[in-house]
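Reading through the structure tokens given below for one structure.
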Amino acid sequence: MRLSKMAIALAPVLFVLLWSTGFIGARYGLPYIEPLTFLAVRMAFVVLVLGSIALIWRAPWPALGESGHSLAAGLMVHGLYLGGVFTAISQGVPAGISALIPGLQPILTSTIANRWLGERVTPLQWSGLLIGLAGVALILHDRPITGQAGWGWLASGVSLVSITLGTLYQRRYCNKIDWRSGNLVQYAAVTAFFTVAAFLFENRVVHWTAEFVLALGWLAVALSIGSIGLLYWLIRHQAATSVASLFYLVPAVTAAMAYGLFDERLDAVAIAGMVACAAAVFLVNRPA
């Protein structure tokens, strides 16, 4: 019982930390490879690792209908979301900015969950969501957008819609599917998706530097297996609005990491935004 309570308390913290490093890992790896090729290589590696786990533990294989739901969720959570994030960063959008648009997910999730999943969002939770929205704006209030800004913002918009719909779809249709085999179906599908996209739109040149290999390994294991596993675990055990509110913390943590690693500016206004995001998560997750 004590271990279970500790897991419930620590899982959101670990999820936010891991998820935030995804933007940092993309920033490290993308100078050496095009975004869709990067994702195709990453997902192929994940399939090998997760396939070995599912085989060793003899994970039950999902039925045909369940496989279809896993495939649909995977294309949204991994395919369109990650494709949007990596494309935005590859176009010169800073790591902090690339976390901004998906950071607006709680507002969209709460609106949809209120109708689609029948979850009641209280006035206090709505207040928290609005505070979090203001916090995200403060964190990224004066950050430059470089490169082909239009494509970068469009890609970020796609990532917002896809991660929102994907997490809600996962909660509604995939909660009873074994995480090992269900995720394997998802990653196999997006491996094919990114491979075809890379052949259609990119040159598929890879510079196998030490920095790229480290970024690839971290993103494949810590992000695609670790953070996604935590996300789906949280989706099973918490309301969609509560899980989505954690994404308000991602821009704050990403901004702090980017400040230390890439010297992306973190001023007093951004710090105030971090405090607002933390307050938002507290209000959204407060028992009614």
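List of remarks:
- Trp61 touching a residue at least 12 places away in the same chain (Cβ under 8 Å) and part of a loop (DSSP other than H, G, I, E, B): yes
- Every residue from segment 131-159 that is in a helix (DSSP H, G or I), modelled with pLDDT under 85 and open to solvent by less than 30 Å² (accessible area, probe 1.4 Å): Gly132, Gly135, Val136, Ile139, Gly152, Ser156, Gly157
- Number of the condition not met by Ala270 [criteria: (1) modelled with pLDDT under 90; (2) under 21 Å from the mean Cα position of the chain (by Cα)]: (2)
- Among the conditions (1) open to solvent by 10 Å² or more (accessible area, probe 1.4 Å); (2) out of contact with any Ser or Thr (no Cβ under 7 Å at 6 or more places or on another chain), Val281 misses just one, which is (2).
- Test: Val190 is assigned to a helix (DSSP H, G or I), aliphatic (A, V, I, L, M) and open to solvent by 40 Å² or more (accessible area, probe 1.4 Å): no
- Flag if Ile177 is under 17 Å from the mean Cα position of the chain (by Cα), within 27 Å of Ser67 (Cα to Cα) and either of a type outside the set (D, E, K, R) or not in a helix (DSSP H, G or I) (or both): no
- The lone criterion from (1) at pLDDT below 90; (2) assigned to a helix (DSSP H, G or I) left unmet by Gly92 is number (2).
- Selection within segment 232-267 - within 14 Å of the chain's Cα centre (by Cα), at pLDDT below 85 and of a type outside the set (A, V, I, L, M, F, W, C): Ser245, Tyr248, Pro251
- Residue list for segment 68-94, filter: surrounded by 18 or more Cβ atoms within 10 Å (Cβ to Cβ) and small (Gly, Ala, Ser): Ser70, Ala72, Ala73, Gly74, Gly79, Gly83, Gly84, Ala88, Ser90
- Restricted to segment 114-130, and to residues there that are open to solvent by 70 Å² or more (accessible area, probe 1.4 Å) and at pLDDT below 80, the residue that is nearest to Leu283 (Cα to Cα) is Arg120.
- Of the listed requirements (1) open to solvent by 70 Å² or more (accessible area, probe 1.4 Å); (2) not in a helix (DSSP H, G or I), Glu264 misses just one: (1).
- Pair list, Cβ < 8 Å and 6+ apart or interchain, from segment 227-238 residues that are within 10 Å of Asn175 (Cβ to Cβ) to residues that are surrounded by 20 or more Cβ atoms within 10 Å (Cβ to Cβ) and of a type in the set (A, V, I, L, M, F, W, C): Tyr232/Cys174; Ile235/Val243
- Residues located in segment 37-56, provided they are in contact (Cβ under 8 Å) with a residue 40 or more places away in the chain and over 10 Å from Ser181 (Cα atoms): Thr37, Phe38, Leu39, Ala40, Val41, Arg42, Met43, Ala44, Phe45, Val46, Val47, Val49
- Matching option when the condition is open to solvent by 50 Å² or more (accessible area, probe 1.4 Å) and either outside any helix (DSSP H, G or I) or of a type in the set (S, T, N, Q) (or both), among Arg204, Arg172, Arg236: Arg204
- From Thr37, Thr21, Thr111, residue being at pLDDT 90 or above and more than 17 Å from the chain's Cα centre (by Cα): Thr37
- Only one entry of Leu165, Leu230 meets the criterion of being open to solvent by 20 Å² or more (accessible area, probe 1.4 Å) and under 24 Å from Ser52 (Cα atoms), and that entry is Leu230.
The values are calculated or read from the model by the stated rules, or taken from the named source; none is laboratory data. Note that the structure is a prediction, hence the values are computed from the model and not measured. No Cβ is skipped: glycine too gets one built from the backbone with ideal geometry, and neighbour counts run over all protein chains shown. Protein only, heavy atoms only, side chains kept; ligands, DNA and RNA dropped before computing areas. Shrake-Rupley method; radii C 1.70, N 1.55, O 1.52, S 1.80 Å.
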